[in-house]
Amino acid sequence: MSASAPAAAPPAPAVPPKGLRRLSLTQWILISLVIGIIVGALFPESERAAHGGFAASDLRILATIFLRLIKTLIVPLLLSTLVIGIAGHGDDMKKVGRLALRSIIYFEVVTTLALAVGLLAVNIVKPGVGVSLPPEAGEAAEFATRVPTVSSVLEHTVPQSFFEAAAQNEVLQIVVFALLFAVALAKVEGRPKAVMLDFMDALSHVMFKFVGLVMAYAPIGIGAAIAVTVSRSGLGVLLSLAKLVGTLYGALIVFILFVLVPVALLFRIPLRGFVQRVKEPALIAFSTASSEAALPRAMQAMEAFGVPRRIVAFVMPTGYSFNLDGSTLYLALASVFAAQAAGIDMPIGTQLLMMLTLMLTSKGVAAVPRASLVILSGALSQFGLPLSAIAVILGVDALMDMARTSVNLIGNCLATAVMARWEGVFGEQPSLAAERDAELAAQEHLADQPRIASAQGTP
């Protein structure tokens, strides 16, 4: 090349994708929700029962595949992140105990406020007045036979086999095992500790990539899930119990605005950034009515938000058993609704006693669909209220479950940020995603240097 030859033109800037490729995962999920609602309304299960043919409930297999893929993530993701968080960052047992104590205090305060909001809402709106109860309890009787006791909850917390707990996706048991394993690993010195930490670190990296692959399927699974819900419940049953559903949704909004938002402001959590991070896992929780489905993405989101991994890995899964804000509020509302529907005048003192019972019995119960109905059945039986009220609630429980599960998710995400701020480590450690992005950018920059130098004619 002669000296007078013009230098090679710099590479053209990357053209941003157009059309559908520009949509984010959150936007795809919103689109799938709308499509799912339309398909569920157009192809109800009742019509198929009467005339045969296709019903939107037939799409359940697509939603089931998504949930099963999510469940494959839970155990390796929790185990690797929690072990690395405790044993890999030099945390002593004093720090772990302090985090556990602060988490329990926070969980109890917030869930008590959730009970108060639910109790206030149901006494003001009175959604049960005028509702006629069926003569038979029906399916509700099954829930009453599965009510857990305090001793059974404590026993269920401790795994008798790691593999059994892993196979059944017992989140709380996995957390207990991971904590004990991490404490033991922290006491080990030398090569065995390094080998195990390297393995867990590699496993966590792989599992976060695994999350990304599963989330690519999320819009399909979520659209199918909402279509099945609408197809089975129908829009008519929603209208007949609109007062009950509206009371719950209104109370949850009040709880978010007057409890969670003030908590975020008190602990100086950036609201805009928090909403940006939590909206996608909240949509997943809302559409699937399963906290498990949103757990991997929520952990990623909170770590990217600036919460250290050790806090995310401990607080998030523990909160799913002890910090069910939405479910706790729902229990307060539904229990008094049963008394109102039965025409029973329940004094405020009895209501408060029932709230104390619910606050204790709801701890340690996994946040899975309809777990709240098990607790509610036990409370109704204990206070002599008709189980037939649950038969009424079952008609719209799927719609209410979606709302309370998403609030459970939001509350637990906020709990991780609050604990990080309380521990004085919020935003101090870069997230795993940020570290990997920075490393990738550095590698690409180094790789581009020879090409840039050649393009500029530099020897």
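Residue-by-condition table, conditions (1) outside any helix (DSSP H, G or I); (2) among the polar types (S, T, N, Q); (3) under 30 Å from residue 156 (Cβ atoms); (4) touching a helix residue (DSSP H, G or I) at 6+ places or on another chain (Cβ under 9 Å):
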| position | (1), (2), (3), (4) |
| --- | --- |
| 181 | no, no, yes, yes |
| 185 | no, no, yes, yes |
| 188 | yes, no, yes, yes |
| 192 | no, no, no, yes |
| 204 | no, yes, yes, yes |
| 208 | no, no, yes, yes |
| 211 | no, no, yes, yes |
| 223 | no, no, no, yes |
Considering only segment 303-326, state which residues are of a type outside the set (A, V, I, L, M, F, W, C), under 16 Å from the mean Cα position of the chain (by Cα) and modelled with pLDDT of 90 or more. 303, 325, 326
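Yes/no per residue for (1) buried (at least 19 other Cβ atoms within 10 Å of the Cβ); (2) touching a Leu at 6+ places or on another chain (Cβ under 8 Å):
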{"residue": "243", "(1), (2)": "no, no"}
{"residue": "261", "(1), (2)": "no, yes"}
{"residue": "266", "(1), (2)": "no, no"}
{"residue": "282", "(1), (2)": "yes, yes"}
{"residue": "289", "(1), (2)": "yes, no"}
{"residue": "294", "(1), (2)": "yes, yes"}
{"residue": "306", "(1), (2)": "yes, no"}
{"residue": "310", "(1), (2)": "yes, yes"}
{"residue": "315", "(1), (2)": "yes, yes"}
Among the residues of segment 146-153, is there at least one that is in a helix (DSSP H, G or I), at pLDDT 60 or above, over 23 Å from the mean Cα position of the chain (by Cα) and surrounded by fewer than 12 Cβ atoms within 10 Å (Cβ to Cβ)? yes
Residue list for segment 267-277, filter: more than 13 Å from residue 307 (Cα to Cα) and assigned to a helix (DSSP H, G or I): 271, 272, 275, 276
Of the residues in segment 284-296, those that are closer than 10 Å to residue 409 by Cα and either part of a helix (DSSP H, G or I) or free of Cβ contacts under 8 Å to residues at least 60 places away in the same chain (or both) come to 284, 285, 286, 291, 292, 294, 295
Selection over segment 317-339 where residues are within 13 Å of residue 127 (Cβ to Cβ), surrounded by fewer than 24 Cβ atoms within 10 Å (Cβ to Cβ) and in contact with a Lys or Arg (Cβ under 6 Å, 6 or more places away or on another chain) yields a count of 0
Filter segment 95-143 for residues that are surrounded by fewer than 19 Cβ atoms within 10 Å (Cβ to Cβ), small (Gly, Ala, Ser) and assigned to a helix (DSSP H, G or I); the one that is modelled with the highest pLDDT is 116
Any residue in segment 214-226 that is under 24 Å from the mean Cα position of the chain (by Cα), surrounded by fewer than 14 Cβ atoms within 10 Å (Cβ to Cβ) and within 30 Å of residue 64 (Cα to Cα)? yes
What are the residues in segment 197-213 that are free of Cβ contacts under 8 Å to residues at least 12 places away in the same chain and crowded, with 18+ Cβ neighbours inside 10 Å, if any? none
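The values are calculated or read from the model by the stated rules, or taken from the named source; none is laboratory data. None of the values given here were measured: they were computed from a predicted structure. Because the Cβ atoms are built from the backbone with ideal geometry, glycine has one as well, and the counts that use them run over all protein chains shown.
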